[in-house]
Amino acid sequence: MEMADSSPPFFMMITKIIFFSFLFFLSIQAYADDKSVENLWGQAMELALYQKSTWLRLLHQDPHGKPESKVVSSEFFLSDRGNIDPRSEMETLIDKYELLYSQGKEQDILCKFPARFLWLSQYLDIPGYSNKQQGCERFLSWAKPDEIESISILLVSGYFGNPASTFGHSLLRVNTEEGGRLLDLTFNFGAMVPEDELTAVYIYKGLTGRYLSGFSDGHFYSQDLVYSRTEYRDIWDYQLELDDFSARLMMAHLWEVHGNKFNYYFLTENCAYRIAELLTLVTEDERYINNSVLWYSPVEMFHKVRDADQENSIIKEVVYHPSFQRIFLAKYNQLDIYERSALDSWIRGDTSAFEKLDENARIHILSVLLSYYEYLLSAQNSDEKEAYLKEKRRQVIYSRIQLPANTSLRFEPPDDLPSPAEGTRPMRFAFGVAGSDEISSLVLRWSPFYLDKVGKNSLEGGELVVFDFDLRYEGGRGGYLSKLEFIRIRNMVTSRHIAPGESFYAWHLKTGVNGKDQGLEFYDPYFTGGLFRAYDYFDGLFMFGMDLHVTLQGEPLELEPLIGLRKSFGDLNAWLQLGQRYALESDSWNPAVEVNASRAFTKSFGVTSQLRYTGDVDAALTLDYFW
């Protein structure tokens, strides 16, 4: 006997309807996904995304100029024409994504170009895409986007040991919750220079773009080791207020670009300019890279950031990181006269004065001695000397553990040094009047980089001036070049900048041409160099030393013993220098006097007066404009 179906006919019908509806929904969804992928390029074309400035900046192409990327590495592009054709690069990117998406391998391209897809996702609904870059483990472990607290741009002070570092340097650091700053990821943009490159070759190639360059990354402690502990350079940390999307976009772009190559131009496309490009990319504020005349110095970017902060509050905090040398010297200068004397004797091998001091004084001295030997070891490159210093450090540690712990021992950190961006802007234009004996004239001066010894800057009495043009106009003579100074450098090392046992000779040099007349011998090349000792007193400096003057016309060789005084009176800085020049050829002595005074009213405006006497009087009063 046949059994009857126990399932209700209505229930079977409902089950079949649900099953076939589900299959239909899946097929429609798959078709819709395929269509959405196929239609991405159409949507991008409709929105003209390939023409948007941010897309061009992601490719390092100029939105307002020739569409040729500054990146010279072919690996940076998917399209064969991507370096010159932003449309082709976007189309190839989307086509490649469509292919890989159909194969379930879209992570390959998403993880290689996270910045491009992050930006595109603002305009396009990209199937399979998450702005968290899930699945890109290498990128996520490197960038740590969910741990980013802030982005910092770092201004490193100048360093006279390297021509390219004379004007300072810029770095970018990603501040994370767990990095503790020393372990935070830091980016450096620099040229790839062979070891032992001749200085003349180095300057030529750096000026003409003959070096390849690029972004390198590493922990901040490696940069601190070079700049603070080896070259003794100060660092100003500008922590920026960037939203989450901007910080993620910057990190994603750095992932794409680091390891790729650019041509390096010392004056224009340098470390500061490349970091300024990153700021422009994520803020869409073109002030960071616009309006730069002739060159882009590191401090210029920080002036522009200060300007932006006045409108958009982009700066979260500025933190000063003194060099390792300043940290040690701050400790040393907090010892009293007896403790410093005992420390100096210890270094010379005599511990008798040390043994006579009380326990607390000995603890203070040993703490500073430990810092002293760490300071010397930080810049040591001789194995024999290093072994000697390590043995001295071991002796200090052994002596210290013989004494009880002292939890109350505290040393005050160095005083904050104002950032160079707190001073006047680097380029100077000046207009005023000048007088020489009975002749008066109008004076016009211009320099692309002007940090002088009486200016408002962070050089503490030093100076760095490049290509200082002095043009005059006289009624009966017309216009002429009175002087062109190619470079003027003063490395001001004073008594408080010197560790025990170190020499503290400061130095300066300048070279250029003087204008004589409008004949064949119009220009008179000259060179001046000197050594001197400088001492701090209250808010000023006192110095004495010897200058050497060399010219082709007039007295060819002169020696000048001199004394100098620099003093600040509020916002007014003044310089007085008195000397006696001895001319070897004529065996004669002549007095030399120089007086300079300057007051900056703002970062852009100031006034300067100067008077020089070397047999003839030359005086000038100018209104200064800095930009």
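The values are calculated or read from the model by the stated rules, or taken from the named source; none is laboratory data. Please read these numbers as outputs of a predicted model, since none were measured by experiment. Backbone-built Cβ (ideal geometry, glycine too); neighbour counts: all protein chains shown. The protein model used for the area step is the full one, side chains on, heavy atoms only, and it has no ligands, DNA or RNA in it. Shrake-Rupley method; radii C 1.70, N 1.55, O 1.52, S 1.80 Å.
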Flagged in region 583-600 as small (G, A, S), more than 30 Å from the chain's Cα centre (by Cα) and surrounded by 14 or more Cβ atoms within 10 Å (Cβ to Cβ), in numbering order, are A583, A592
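May I ask you to list the residues in region 78-120 that are of a type in the set (G, A, S), touching a Ser or Thr at 6+ places or on another chain (Cβ under 9 Å) and open to solvent by 20 Å² or more (accessible area, probe 1.4 Å)? Walk me through it before giving the result.
Applying the first criterion (of a type in the set (G, A, S)) to region 78-120 yields 79, 82, 88, 102, 104, 115.
Those left that are additionally touching a Ser or Thr at 6+ places or on another chain (Cβ under 9 Å): 79, 82, 88.
Listed by number, the list holds a single entry, S88.
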Taking region 66-77 only, how many residues are surrounded by fewer than 19 Cβ atoms within 10 Å (Cβ to Cβ) and touching a helix residue (DSSP H, G or I) at 6+ places or on another chain (Cβ under 8 Å)? 1
When the residues of region 160-192 are filtered to those that are among the aromatic types (F, W, Y) and buried (at least 22 other Cβ atoms within 10 Å of the Cβ), which remaining residue is nearest to I148 (Cα to Cα)? F187
So M427 clears everything in (1) closer than 29 Å to L572 by Cα; (2) not assigned by the TED database to the domain that holds D468 except one condition, right? Which one? (2)
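I need a count of the residues in region 202-216 that are in contact with a Lys or Arg (Cβ under 9 Å, 6 or more places away or on another chain) and touching a residue at least 24 places away in the same chain (Cβ under 8 Å). I'd like the intermediate steps shown before the answer.
Applying the first criterion (in contact with a Lys or Arg (Cβ under 9 Å, 6 or more places away or on another chain)) to region 202-216 yields 204, 211-215.
Filter once more, so that each one left must be touching a residue at least 24 places away in the same chain (Cβ under 8 Å): 211-215.
Residues in region 202-216 being in contact with a Lys or Arg (Cβ under 9 Å, 6 or more places away or on another chain) and touching a residue at least 24 places away in the same chain (Cβ under 8 Å): 5 in total.
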Give the residue that is most open to solvent (accessible area, probe 1.4 Å), with candidates limited to residues of region 137-159 that are touching a Phe, Trp or Tyr at 6+ places or on another chain (Cβ under 9 Å), not in a helix (DSSP H, G or I) and not small (G, A, S). Y159
Listing of helices (runs of 4 or more DSSP H) fully contained in region 70-123 that carry 1 or more residues being over 27 Å from D244 (Cβ atoms), among the small types (G, A, S) and not assigned by the TED database to the domain that holds V257: 86-102
Hits in region 282-325 - residues which are in contact (Cβ under 8 Å) with a residue 12 or more places away in the chain, out of contact with any Asp or Glu (no Cβ under 7 Å at 6 or more places or on another chain) and charged (D, E, K, R): E284, D285, E300, K304, R306, D307, E317
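Of all residues in region 393-409, how many are touching a Leu at 6+ places or on another chain (Cβ under 8 Å) and open to solvent by less than 40 Å² (accessible area, probe 1.4 Å)? Walk me through how you get there before you give the answer.
We begin by selecting, within region 393-409, every residue touching a Leu at 6+ places or on another chain (Cβ under 8 Å); these are 393, 396-397, 399-400, 403.
If we keep only those that are open to solvent by less than 40 Å² (accessible area, probe 1.4 Å) as well, we get 396, 399, 403.
Residues in region 393-409 being touching a Leu at 6+ places or on another chain (Cβ under 8 Å) and open to solvent by less than 40 Å² (accessible area, probe 1.4 Å): 3 in total.
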Can you tell me which condition E485 does not meet? The list is (1) at pLDDT 90 or above; (2) of a type in the set (D, E, K, R); (3) open to solvent by 20 Å² or more (accessible area, probe 1.4 Å); (4) more than 17 Å from G158 (Cβ to Cβ), and all the others hold. (3)
Selection within region 424-478 - closer than 30 Å to Y296 by Cβ, open to solvent by 50 Å² or more (accessible area, probe 1.4 Å) and assigned to a strand (DSSP E or B): F429, F431, L444, W446, F467, F469, L471
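Go through region 615-627 and count every residue that is of a type in the set (D, E, K, R) and either on the phi > 0 side of the Ramachandran plot or open to solvent by 20 Å² or more (accessible area, probe 1.4 Å) (or both).
If we filter region 615-627 for residues that are of a type in the set (D, E, K, R), which is where we start, we get 616, 618, 624.
Adding the requirement that they be either on the phi > 0 side of the Ramachandran plot or open to solvent by 20 Å² or more (accessible area, probe 1.4 Å) (or both) leaves 616, 618.
Adding up the residues that qualify gives 2.
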Let me spell it out: the conditions are (1) over 16 Å from I151 (Cα atoms); (2) surrounded by fewer than 18 Cβ atoms within 10 Å (Cβ to Cβ), and F262 meets all of them except one. Which number is the exception? (2)
Report every pair of residues separated by at least 6 positions or lying on different chains whose Cβ atoms are under 8 Å apart, first residue within region 117-137 and under 21 Å from L49 (Cα atoms), second of a type in the set (D, E, K, R). L118/R248; P127/D33; G128/E106; Y129/E106; N131/R248
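Listed here are the residues, each with its yes/no results for (1) open to solvent by 70 Å² or more (accessible area, probe 1.4 Å); (2) among the hydroxyl-bearing types (S, T, Y).
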| site | (1), (2) |
| --- | --- |
| E555 | no, no |
| E560 | no, no |
| S568 | no, yes |
| D571 | yes, no |
| R581 | no, no |
Can you find, within region 193-220, the residue that is surrounded by the fewest Cβ atoms within 10 Å (Cβ to Cβ) among those that are among the β-branched types (V, I, T) and closer than 29 Å to H253 by Cβ? T208
Taking region 555-573, which residues are over 19 Å from L451 (Cα atoms) and among the charged types (D, E, K, R)? E555, E558, E560
Among residues belonging to region 272-291 that are open to solvent by 10 Å² or more (accessible area, probe 1.4 Å) and closer than 14 Å to F215 by Cβ, point out the one that is nearest to the chain's Cα centre (by Cα). Y273
Within the bounds of region 410-419, is there any residue that is open to solvent by less than 40 Å² (accessible area, probe 1.4 Å), within 30 Å of R181 (Cβ to Cβ), in contact with a strand residue (DSSP E or B) (Cβ under 7 Å, 6 or more places away or on another chain) and among the polar types (S, T, N, Q)? yes
